[in-house]
Structures are given as structure tokens and as C-alpha cells.
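Remarks on the structure that follows.
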Amino acid sequence: MNRLILLHGYTEDATIFDPLLPLLPAFGQVLALELEAEFAHWRPASPVNVVSLATHLAARHRIGPTDVLLGHSMGGWIAAHLKQQTGATAILLSSFTDQAKIVSSIRSPRLLGLYAHLGLVQSRWLNRYFLRRYPHDESRALHGQLVAGMGRFRRRYVAQQLGVLFAPVPPLTTQPELRLHALADTVVRPPDEPFVELPGDHFAHYFYPELAAEAIHQALRKTDFQ
């Protein structure tokens, strides 16, 4: 049975896939992972990074070669590592397989983790700063909702997400089946590898779901998906 496993991004939840999901092929099961709950079950023995998270998720949900992983932003980074560990099909939306593609002036996981544990990442003044500087009118309201929701997260969860994003890991040796990206994305730079270009910004799949769904249909036809 083919499963579709949804992996959302930093500060998001599974509703980020709502416009796209009805347009996708029929799957035997759709598993929308809420990463806040998944991280709460995760007890990494080693430093927090995407490799140890992928190992946890693969075992917890018995992810294997017949599964299709659909990840947005941080979720795509996780999906790429799940593919490497399990052989599942990975589709990346506005995501990356090279951490250098993340647009950030601070890249130290230790420093970011400290800021998160101190509550600085969720501070109102910082969130207002990000809202003022956000350049995209089309997704401004959606981005504002995500920023406004930051305050509800536990600091430990915020710190873990930043560790998954920025903690160094070995380079990937496999590549996703499909990358979708907008050139105007100011959160994650476009990949160097081949990708399908979408209009819009970091939330291109949300505002142009028909175009994203068409590319996904075409990519799945080239796999063993039935």
C-alpha cells in the first residue's frame, strides 16, 4: 500500500498542505505528521540533527520504499534524509539538500539553540522585526499567521527544529525524485540541481497548488507508484 507522508516546515503544521492535498493522486493512506508531537517522542542519545531525527521517524512510522514523502522547507530536508535511510520517494517543496541554501545570518546551532532556550527566538520584538521586513505581499498574511503562532511552541521544540536545520551532517548520497522551487524564495535559495520552477515565493505550493500538483503527478508516473 502506497502511503503519502507529509512533513511540514519550521513554525508550520500540516495545514500548510491543505490547498495541495486534494489535487494529488489517490494514496492508500495519508499520514500528516505534526512535528511538534513527533519531536516530543524523540529522545536523541546523540546531538540533535536531521540524521538522528530521520532515524527516529523511520522506525516510529515504519517508513519504507513504497512510501512517498512530501516535505516543505525543513520538512523536505527531513524527507531527503528519510529517503536516504529507507529508499522512500522524496518530493521537496521550497526545500534544500544543502544547508548553505538556508538564508540566515546566524548559522551556529549552539548559538541558535541558546537563543531558543532563552525565548529570544519567540520574542515579540523580533517577530515584529521579521514581519516588517517580509517582502512578499502574496504570502504576507500566511507568513504573519506563522510568526504569530510562534509563541505557542515549547522552547525545547523550537531549539530542536533549529538543530535539525543547522547542525552539520554528512552530505547526502541520494537525491529526491522532484524539487519544486520559486526563484523569488527569500527563505531558501533555489537548488543547484534541476528543479521545477513555480511562481510565487517560499509558499509557492500553497498559492499555486495546481502547478505543484501537475509536477508531482508527472514525477510519480516515472516511479513505481500505482
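The values are calculated or read from the model by the stated rules, or taken from the named source; none is laboratory data. This one's a predicted model, so the numbers in the text were calculated from it and none came from an experiment. Glycine also receives a Cβ, built like all others from the backbone with ideal geometry; neighbour counts cover every protein chain displayed.
Among all residues of the stretch 128-138, there is none that is assigned to a helix (DSSP H, G or I) and closer than 19 Å to residue 160 by Cα. Looking for something surrounded by fewer than 18 Cβ atoms within 10 Å (Cβ to Cβ), free of Cβ contacts under 8 Å to residues at least 24 places away in the same chain and under 29 Å from residue 183 (Cα atoms) - is there at least one such residue anywhere in the stretch 147-162? Yes, the conditions are met somewhere in the stretch 147-162.
Conditions (1) over 14 Å from the mean Cα position of the chain (by Cα); (2) small (Gly, Ala, Ser), marked per residue:
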| residue | (1), (2) |
| --- | --- |
| 12 | no, no |
| 30 | yes, no |
| 35 | no, no |
| 76 | no, yes |
| 95 | no, yes |
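With respect to the stated conditions, residue 192 fails to be among the acidic types (Asp, Glu), over 19 Å from residue 16 (Cβ atoms) and at pLDDT below 95. Cβ-Cβ contacts under 6 Å between residues 6 or more apart (or on different chains), taken from a first residue in the stretch 4-16 that is part of a loop (DSSP other than H, G, I, E, B) to a second residue that is of a type in the set (A, V, I, L, M, F, W, C), are listed as 8/14; 8/16; 9/74; 10/74; 11/146; 11/150.
Determine if the stretch 84-92 includes at least one residue that is among the aliphatic types (A, V, I, L, M), buried (at least 24 other Cβ atoms within 10 Å of the Cβ) and within 18 Å of residue 160 (Cβ to Cβ). There is no residue in the stretch 84-92 that is among the aliphatic types (A, V, I, L, M), buried (at least 24 other Cβ atoms within 10 Å of the Cβ) and within 18 Å of residue 160 (Cβ to Cβ). A search for C-beta distances below 7 Å between a residue of the stretch 120-140 that is at pLDDT 95 or above and any residue that is surrounded by fewer than 14 Cβ atoms within 10 Å (Cβ to Cβ) and β-branched (Val, Ile, Thr), counting only pairs 6+ apart in sequence or on different chains, returns 135/186.
Within the stretch 181-226, the only residue that satisfies the criterion of being touching a residue at least 24 places away in the same chain (Cβ under 8 Å), under 11 Å from residue 93 (Cβ atoms), in a loop (DSSP other than H, G, I, E, B) and of a type in the set (Phe, Trp, Tyr) is 203. Checking each residue in the stretch 153-180 for being among the basic types (Lys, Arg) and not in a loop (DSSP other than H, G, I, E, B) picks out 155, 156, 179. Only one residue in 185, 137, 98 is loosely packed, with under 13 Cβ neighbours inside 10 Å and of a type in the set (Asp, Glu). Which one? Sole residue among the options that is loosely packed, with under 13 Cβ neighbours inside 10 Å and of a type in the set (Asp, Glu): 137. Restricting the first member to the stretch 17-40 and to residues that are under 18 Å from residue 161 (Cα atoms), and the second to residues that are part of a strand (DSSP E or B), the beta-carbon pairs closer than 6 Å and six or more apart or on different chains are 32/6; 33/7.
Quick one: would you say residue 69 is touching a residue at least 60 places away in the same chain (Cβ under 8 Å), within 20 Å of residue 203 (Cβ to Cβ), buried (at least 24 other Cβ atoms within 10 Å of the Cβ) and hydrophobic (A, V, I, L, M, F, W, C)? Taking the combined requirement at face value, the residue satisfies it.
In this structure, is residue 107 charged (D, E, K, R) and farther than 30 Å from residue 216 by Cα?
Judged against the criteria, residue 107 is a match.
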